[in-house]
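Working notes for the structure below.
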Amino acid sequence: MKITTSLLGVALAIAAPTQAKAADCLDLGGVALPNFFAEGEGKPMIISATLMGSVQHAAGKILGQRVTSTGLEMDMEHYFGRSDGGSIYTKDLGILTSIPGKPGRYMIEITYHVQENAGRGTLEGYGGQFNSYGVVDLRDPNNLQGLVRYSGQICS
């Protein structure tokens with residue numbers, strides 16, 4: 001009986017840190033409807049988005065853009081907020097792949113890197129990265145828009 005009790009104690013001690021770690025992670029997932037606002041030549045493009053899911057709103061900037069053999073690359077930053085007062089700041093790389101036969105329209109994939117010490121409120125201390133994919137229409141500089149699905153997990 002003592003051996004069984006001891007083994008149970010060891011098993012619980014091993015499992016406890018794992019359970020505590022899982023409680024400190026937050027699954028992210030949902031959909032974003034971004035709009036892009038050109039501020040003029042040489043200035044960052046502004047991003048404003050309504051989100052549905054685990055995050056409710058986002059704002060950001062496109063800081064740099066490069067033409068690639070398949071489309072574009074964009075250096076970006078985002079501020080994500082939740083209805084419970086939590087927010088995070090990310091620095092990101094967006095990969096845009098041209099859609100054949102659809103000039104100005106792209107498949108977009110973004111990897112969001114949560115910056116250290118940049119969480120606020122209920123997300124203070126959270127870090128890691130998450131991803132998104134979707135489509136953007138960049139044909140009309142006065143009506144730039146997209147549809148993006150985001151998912152991942154951040155942990156404190």
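Side notes on the structure shown:
- Top-ranked residue in region 119-156 [being farther than 18 Å from Gln56 by Cα and outside any strand (DSSP E or B); ranked as most open to solvent (accessible area, probe 1.4 Å)]: Asn142
- Checking Thr18, Thr4 one by one, the residue that is under 25 Å from Gly127 (Cβ atoms), polar (S, T, N, Q), modelled with pLDDT under 85 and exposed (fewer than 13 other Cβ atoms within 10 Å of the Cβ) is Thr18 and no other.
- Any chance Met107 is open to solvent by less than 70 Å² (accessible area, probe 1.4 Å) and closer than 17 Å to Pro44 by Cβ: no
- Whenever a residue of region 51-77 is without any contact (Cβ under 8 Å) to a residue 40 or more places away in the chain, its partners that are basic (Lys, Arg) and in a strand (DSSP E or B), lying with C-beta atoms within less than 7 angstrom and at least six residues away or across chains, give the pairs Leu72/Arg66; Glu73/Arg66; Met76/Lys61; Glu77/Lys61; Glu77/Lys91.
- Within region 56-88, the set of residues being among the aromatic types (Phe, Trp, Tyr) and surrounded by 19 or more Cβ atoms within 10 Å (Cβ to Cβ) comprises Phe80 only.
- Enumeration of residues in region 65-91 that are among the polar types (S, T, N, Q) and assigned to a loop (DSSP other than H, G, I, E, B): Thr68, Ser69, Thr70, Ser83
- Unmet requirement for Phe37, which otherwise passes all of (1) open to solvent by less than 50 Å² (accessible area, probe 1.4 Å); (2) in contact (Cβ under 8 Å) with a residue 40 or more places away in the chain; (3) not basic (Lys, Arg): (1)
- Looking across region 45-64, just one residue is β-branched (Val, Ile, Thr) and not in a strand (DSSP E or B), and that is Val55.
- Boolean, Gly94 is open to solvent by 50 Å² or more (accessible area, probe 1.4 Å) and either free of Cβ contacts under 8 Å to residues at least 40 places away in the same chain or part of a strand (DSSP E or B) (or both): no
The values are calculated or read from the model by the stated rules, or taken from the named source; none is laboratory data. Everything numeric here is computed off the predicted structure, so don't read it as measured data. So basically every Cβ, Gly included, is an ideal-geometry build from the backbone, and we count neighbours across all protein chains shown. The protein model used for the area step is the full one, side chains on, heavy atoms only, and it has no ligands, DNA or RNA in it. Shrake-Rupley method; radii C 1.70, N 1.55, O 1.52, S 1.80 Å.
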